[in-house]
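Visitor: First, the structure itself, so that you have it in front of you.
What follows draws every value from the coordinates through simple rules; no lab data is involved. Because the structure is a prediction, the values reported are computed rather than measured. Heads up, the Cβs are rebuilt from the backbone with ideal geometry, glycines too, and the neighbour counts pull from every protein chain shown.
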Amino acid sequence: MATADVIVVGGGISGLAFAWKAGQAGKKVRVLERDARIGGCLHSHRRPDGYWFEMGAHSVYNSYGAFLDIAVGAGVAGKIIQRGPARGRFGLLRDGDYRWLTPPKVLLQLNWLEAALSFPAGIFRKKDGETVYSYYSKLVGRRNYDRVISPFFAAVPSQKADGFPLEGPGSLFKKRPRREEFVKSFGFDGGLQLVCDAAARSQGVEVETGAAATRVSRAGGEYAVTTADGRTLTAPVVAVAAPPDQASALLRDDFHELSTAVSRVGTVQVESVGVVLPRERCWMPECAFLVPVDDLFFSAVTRDPFPDPRFRAFAFHFKAAVPRADRLRRVSEVLRIPEAELGELVERRTLLPSPALGHGEIVAEIDRCLAGGKLALTGNYFAGLAIEDCVLRSNDEWRRVNSS
Ligand SMILES: Cc1cc2nc3c(=O)[nH]c(=O)nc-3n(C[C@H](O)[C@H](O)[C@H](O)COP(=O)(O)OP(=O)(O)OC[C@H]3O[C@@H](n4cnc5c(N)ncnc54)[C@H](O)[C@@H]3O)c2cc1C
């Protein structure tokens, strides 16, 4: 007998958004999450004294309509808090020199002669088939791009974004309608993970943490999910919402073509270090984030947009392969606090998709393999990495498997 109507592998926002939709449709949903904590990249580190900060995703907007639907439906919209003035300030760190900027002042960092010479040729370029680098380096000039634009773009997906497709699947920025009843840029009191927690408690949804899936296979007319502790769970609908390396491995035996298509998605590893300091020990002006040029890390995101009278927090997102000792040394240098006095460190490793030109074809191939079945695949490697992209993909996948 089937374990549930729907099994979801992965308890990040993609998996929980799928579970939320299925639960709202009256289905009995079982979510298997490998870690002890749900949320995946929505990782709000919460201390026993009530202070929290974001170790992963940090910024959401009123253009995230599908994400807001879950927040409203799951009863946590009342926890929405507006981001304060620090959201519009950031630091640019180059060769030990810190500049504190607001968005218009970033433009002053450009070499205007180079920009003026490049702009007329760049402005009329078609965006189709371009990468972030090929398009913007022609628009503002290559040196401007390398010196100013590239580090800012890298801070968004915590990796160099030069090779990302400019448009279509895998692109970074998308225009979406705003829901004007909500403030433009906001967070949740307790962190973004609150939305995942609420979805996990919602109607029909049961979450098992510490439950790693090892294989997804066919079982008669249904699907079977094998777990690391040797159980086999079955359901007529299964959604795989794990990162692409895991998804590909889970599907390898019974869905070889699909697994191969997923394995073509490029990925990078991000190593994050979070630090909380008493406010009086911080030298840095309040800002949303720090963007370094040619450094070991891509960004340091602060909790300053939600100021606290006692503490400030900093989440540094490092390039892969930077040894831990070097990460901690750099955190200590930037914060100007001896390593021994950094206090409790929060550390996480994340595998993120790294889409390149041709990503749209990989997504189309995955969708071709999925067509006609009740196996769903969702995550941040379809339309894009943004939380809203994940929720929209989950909604589309739920619609597809529920209507066929
Ligand atoms: C540092 C950082 C900052 C970001 N900032 C923003 C931002 O400000 N705004 C924004 O919109 N987006 C942001 N993003 C991107 C966004 O947060 C992610 O793309 C999105 O949350 C991914 O959700 P997901 O559910 O697809 O994947 P994940 O969050 O990776 O969740 C996948 C889940 O699957 C579980 N899992 C893996 N393998 C198995 C298995 N075998 N069995 C069971 N479970 C398994 C994992 O433990 C994990 O919980 C950021 C990402 C990072 C890393």
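Visitor: Which whole-number percent is the relative contact order of the chain (Cα, under 8 Å, 6+ apart)?
Guide: So the answer I get is 25 percent.
Visitor: Hey, what did the range 169-232 get for relative contact order, percent, Cα under 8 Å, at least 6 apart?
Guide: Relative contact order of the range 169-232: 16 percent.
Visitor: Rounded to the nearest 5, what % of DSSP beta bridges with both residues in the chain are antiparallel?
Guide: 70
Visitor: Once you treat every alpha carbon in the range 267-353 as an equal point and sum by Debye, what is log10 I(q)/I(0) at q = 0.17, 0.18, 0.22 Å⁻¹?
Guide: -0.67, -0.76, -1.11
Visitor: Further, regarding this structure: Using a simple charge model, +1 on the beta-carbon of Lys and Arg, -1 on the beta-carbon of Asp and Glu, nothing else, what dipole does the range 230-365 show about its Cα centre, in debye to the nearest 20? List each step's numbers first, then the result.
Guide: On the way: 16 positive and 19 negative charges, 79 e Å.
My answer is approximately 380 debye.
Visitor: Okay, next question. For Lys79, list the lysines whose Cα falls under 18 Å from its own Cα; do not include residues on the same chain fewer than 8 positions away.
Guide: Of all the lysines, those that pass the test against Lys79 - Cα under 18 Å, at least 8 places apart if same chain - are Lys184.
Visitor: Okay, moving on. Among Leu345, Phe297, Cys287, whose Cα lies farthest out toward the positive end of the dipole of the range 267-353, if unit charges sit on the beta carbon of Lys, Arg (+1) and Asp, Glu (-1)?
Guide: Of the candidates, Leu345 comes out farthest on the positive side.
Visitor: Report the full-extension gain for the segment Asp97 to Arg37: residue separation times 0.36 nm, less the Cα-Cα distance, to one decimal in nm.
Guide: Once the chain is fully extended between Asp97 and Arg37, it gains 17.8 nm.
Visitor: Could you state, as a whole-number percent, how many of the C-alpha pairs of the range 1-88 are farther apart than 23 Å?
Guide: 33
Visitor: While we're looking at this one, here's another question. By the scheme Lys and Arg +1, Asp and Glu -1, what is the net charge of all other residues having a beta-carbon under 13 Å from that of Arg89?
Guide: Summing Lys and Arg as +1 and Asp and Glu as -1 gives +2.
Visitor: Going highest first, how would you order 18-29, 3-14, 214-225 by mean Cβ packing within 10 Å?
Guide: 3-14, 18-29, 214-225
Visitor: In addition: Given a Förster distance of 60 Å, report the FRET efficiency between Phe124 and Ala371 from their Cβ-Cβ distance, rounded to the nearest 0.05.
Guide: E between Phe124 and Ala371, to the nearest 0.05, is 0.95.
Visitor: Kindly provide the helix-only [θ] at 222 nm of the chain, computed as the sum of -39,500 (n - 2.57) over DSSP H runs of four or more divided by all residues, to the nearest 500 deg cm²/dmol? Could the numbers behind the result be given before it?
Guide: On the way: 12 runs with 118 residues, N = 404.
Calculated from helices alone, the mean residue ellipticity at 222 nm is -8500 deg cm²/dmol.
Visitor: Now, a different point. What area, in nm² and to one decimal, does the C-alpha convex hull of the chain cast on average over all directions?
Guide: Numbers: hull surface 81.5 nm².
That works out to 20.4 nm², a quarter of the Cα hull's surface.
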